[in-house]
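The structure is given below, and queries will be raised subsequently.
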C-alpha cells in the first residue's frame, strides 16, 4: 500500500489570468511506516503536494495513488470520504479549525463525521487527547480558553481521533516555543514508531528533520529536487549550501571539524555520539 | 472560490488602467445613466459598440466579461418569464392555450436584458482596470464636497479600503478552514439538514473568531503606527488628471447626450 505520485502536475486557477503552476512533473514514491520530511523554500509547492494526499486538490495531470485509491487527472474521484478517513491532514495553524463548545466535542467531531457512534467517539477522543498531552481538567473547557500551543494539540488530537493510517502535518510546529515544538516532534515520532502510522511532515526546521525523520523529500519551484534518507541527505554538505538549506548545528560543526582536519564518520548524527567520538580520539 | 469574477481587478497595462480613478468613476456614472435612457435599439447598439471597443482597449478578455455576467443569468431568465406573462400590449404573436405572447413583452424583456448586460460591462470595465485602493482614493476625493455637510468622507474611504483589503484574505481563510474541515470528514455538499447545519457551523465559527482577532490586531497595528480617527492626514499617492482623463469624461458625457437626443427624437 504505497503513496505514489506519477507525472503529477498541478495548476491553480487554470485558464485564467491568475493561472499558477504549483507542481510540475512530480514522480515520487513514499515509504509506508516511515517518518518523511518534506522540505523546500516558501512557495516551493509543499502544501500543494500534501493536499493531494486526501484529494483536497486533484492533479491537473498525472495520477496519485494513496493506499488503495487512485486519483487520476480529469477523472471524478468518488471515494473522497473513505480516503479522508484514512489520511489525516493537519493544516498549518490548525488551531483555527476548532469550533465546538468544548475541547472533547471538537475532537469527537472528526470520528463522528466518519460514522463512529457518539459513545465510541468520546472514548477515542479521550484517548487522543491524552496522547497529545491535554489534561483531563481541560476536556470540558471551550477551545478558545486554551493557549495557542494547547489549541494546536487539540486540533491534532482531532485528526488522530479519526485513526488515520497516514498522518500528514503541514508545519505543525510553526509558531510554537522551542520546548513545545520538541515535545510535539517527540509525539509524532512516538505515533510513527509505536502505532505504525505513516507520518509525512512539512517543515522548515532542519534540526527536526535530522533528529526525528527517516527520509527527506526536497521540493524547489514545484519540482522534485531529491528524495533520500536522512544520512545521505546530511552527508552532502555542498548540496545543502547550494540549495540554500541551513544545515543543523551538529552538521555545521562536523563540517568545520572536517575543514580543520578532523574527519568524523557520517553515522555520527547526534551530540552524544559526536562528543564520544571526539573525546575518544583526544584520549588516543 | 477563486472564481469570483465580479468586481475583480485584473493587473494589466492599458490605457484604461492608467486613467485617474476619479475620471473612470465619473465616466461610469454617465454611461450608467445613458444605459437607462430609453434610446431604442439603435442607442443600445451604439453603447454596446463603444463598450466593446473599450474592453478591447483595456486588453480584457471577453470570456472574463461573460463570466462576470453569469450570476445574472438566473435573474435574466426570471425577468423574461415574468415579462412574458404580465405585459399584454402590442401585437399578439403567439397563443398556446392560456399562454399568450405579445411583441411588447419581448421588446421589454430584450431591453432589460440588454441594459443588465451593458451595466455589467460598464462596471466590470471599471473594477477590472482600477486597483481597489485607487478606487477608494477616487471615491474619497469625489465625496470631498460633502465633507462640509459633516460627512466623515475620510473615515468612510478608510472603511471601504480596509473592507476591500480583507476580501482576498478572508476568501483565503475561508478556503483554508473549508479544507481543514473537509479533511475531518465534513461534507459541505451532501447530507441531511442536521449534518449541513453542523458543516456550516464548522466554517462560520472559526471564521468569526479569526475575523474578530484580525480586526483587533489590525486596530492595534494601526494605532501603533499613529493612526488617529478623525485626525488630519496627508496622502502619499496624489491623483492627477491627464489628457486621457478629460477625453474619457467628455466622451462619456457626449455619449449620454447622444442617448438623450435619440430618446427625445424617438418620442416625437
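Return yes or no: is residue A:200 closer than 14 Å to residue A:89 by Cβ, within 14 Å of chain B (Cβ to nearest Cβ) and either free of Cβ contacts under 8 Å to residues at least 12 places away in the same chain or touching a helix residue (DSSP H, G or I) at 6+ places or on another chain (Cβ under 7 Å) (or both)?
yes
Mind listing whichever residues of region A:175-227 are in a loop (DSSP other than H, G, I, E, B) and under 22 Å from residue A:127 (Cβ atoms)?
A:196, A:197
Same structure again: Would you please name the residue that is farthest from the other protein chains (Cβ to nearest Cβ), looking only at residues in region B:182-219 that are in a loop (DSSP other than H, G, I, E, B) and closer than 21 Å to residue A:92 by Cβ?
B:188
Applying the selection to region A:145-175, what residues are over 17 Å from residue A:200 (Cα atoms) and surrounded by fewer than 17 Cβ atoms within 10 Å (Cβ to Cβ)?
Those that are over 17 Å from residue A:200 (Cα atoms) and surrounded by fewer than 17 Cβ atoms within 10 Å (Cβ to Cβ): A:145, A:147, A:148, A:175.
Name the residues in region A:13-37 that are surrounded by 15 or more Cβ atoms within 10 Å (Cβ to Cβ), within 14 Å of another protein chain (Cβ to nearest Cβ) and either closer than 18 Å to residue A:216 by Cα or free of Cβ contacts under 8 Å to residues at least 40 places away in the same chain (or both), would you?
Matches in region A:13-37: A:16 only.
Also, quick follow-up: Restricting attention to region B:59-74, which residues are over 16 Å from the mean Cα position of the chain (by Cα) and on the phi < 0 side of the Ramachandran plot?
Result: B:61, B:62, B:63, B:74.
Taking the residues in region A:59-75 that are free of Cβ contacts under 8 Å to residues at least 40 places away in the same chain and under 21 Å from residue A:22 (Cα atoms) as candidates, determine which candidate is surrounded by the most Cβ atoms within 10 Å (Cβ to Cβ).
Of everything passing the filter in region A:59-75, A:71 is surrounded by the most Cβ atoms within 10 Å (Cβ to Cβ).
Among B:136, B:130, B:123, which is free of Cβ contacts under 8 Å to residues at least 60 places away in the same chain, more than 14 Å from chain A (Cβ to nearest Cβ), within 30 Å of residue B:153 (Cα to Cα) and under 20 Å from the mean Cα position of the chain (by Cα)?
Among B:136, B:130, B:123, only B:136 is free of Cβ contacts under 8 Å to residues at least 60 places away in the same chain, more than 14 Å from chain A (Cβ to nearest Cβ), within 30 Å of residue B:153 (Cα to Cα) and under 20 Å from the mean Cα position of the chain (by Cα).
Within region B:77-84, is there a residue that is in a helix (DSSP H, G or I), in contact with a strand residue (DSSP E or B) (Cβ under 8 Å, 6 or more places away or on another chain), modelled with pLDDT under 85 and at negative phi?
Within region B:77-84 (the criterion being in a helix (DSSP H, G or I), in contact with a strand residue (DSSP E or B) (Cβ under 8 Å, 6 or more places away or on another chain), modelled with pLDDT under 85 and at negative phi), the answer is yes, since at least one residue qualifies.
Look at residue A:100 and say whether it is out of contact with any helix residue (DSSP H, G or I) (no Cβ under 9 Å at 6 or more places or on another chain), assigned by TED's automatic domain parsing to the domain that holds residue A:205 and either under 22 Å from residue A:174 (Cβ atoms) or surrounded by fewer than 23 Cβ atoms within 10 Å (Cβ to Cβ) (or both).
When the stated conditions are applied, residue A:100 does not pass them.
Within region B:12-36, track down each residue that is surrounded by fewer than 19 Cβ atoms within 10 Å (Cβ to Cβ) and either in contact with a strand residue (DSSP E or B) (Cβ under 8 Å, 6 or more places away or on another chain) or under 21 Å from residue B:266 (Cα atoms) (or both).
B:32, B:33, B:36, listed by residue number.
Condition test on residue B:90, is it without any contact (Cβ under 8 Å) to a residue 60 or more places away in the chain, farther than 30 Å from residue A:17 by Cβ and touching a strand residue (DSSP E or B) at 6+ places or on another chain (Cβ under 6 Å)?
The answer is yes for residue B:90.
Is there a residue being at pLDDT 85 or above and outside any loop (DSSP other than H, G, I, E, B) anywhere in region B:226-243?
yes
Now for a separate question. Mind listing whichever residues of region A:96-114 are within 9 Å of another protein chain (Cβ to nearest Cβ) and either more than 14 Å from residue B:209 (Cα to Cα) or outside any loop (DSSP other than H, G, I, E, B) (or both)?
Within region A:96-114, A:96, A:97, A:109, A:110, A:111, A:112, A:113, A:114 qualify.
On the given criteria, is residue A:54 within 16 Å of residue B:178 (Cα to Cα) and either touching a residue at least 60 places away in the same chain (Cβ under 8 Å) or within 14 Å of chain B (Cβ to nearest Cβ) (or both)?
So residue A:54 passes the test.
Given A:63, A:75, which one is away from chain B (no Cβ under 12 Å), closer than 12 Å to residue A:5 by Cβ and over 21 Å from the mean Cα position of the chain (by Cα)?
Going through A:63, A:75 in turn, the sole match is A:63.
To continue, here is another question. Could you please let me know if residue B:214 is surrounded by 11 or more Cβ atoms within 10 Å (Cβ to Cβ), at pLDDT 90 or above and over 30 Å from residue B:122 (Cα atoms)?
It is true that residue B:214 is surrounded by 11 or more Cβ atoms within 10 Å (Cβ to Cβ), at pLDDT 90 or above and over 30 Å from residue B:122 (Cα atoms).
Continuing with this model, one more query. Among the candidates A:222, A:196, which residue alone is surrounded by fewer than 16 Cβ atoms within 10 Å (Cβ to Cβ) and assigned by TED's automatic domain parsing to the domain that holds residue A:91?
Checking each option against the conditions leaves just A:196.
Kindly check whether there is at least one residue in region B:247-259 that is within 14 Å of another protein chain (Cβ to nearest Cβ) and out of contact with any strand residue (DSSP E or B) (no Cβ under 8 Å at 6 or more places or on another chain).
No.
Sticking with this one: Out of B:179, B:148, report the one residue that is assigned to a helix (DSSP H, G or I), over 26 Å from the mean Cα position of the chain (by Cα) and more than 14 Å from chain A (Cβ to nearest Cβ).
When all the criteria are applied, what remains is B:148.
Has region A:41-48 got any residue that is within 16 Å of the chain's Cα centre (by Cα) and within 14 Å of another protein chain (Cβ to nearest Cβ)?
yes
The values are calculated or read from the model by the stated rules, or taken from the named source; none is laboratory data. All of these numbers come straight from a predicted model, not from anything done at the bench. Glycine gets a Cβ as well: all are built from the backbone with ideal geometry, and neighbour counts include every protein chain shown.
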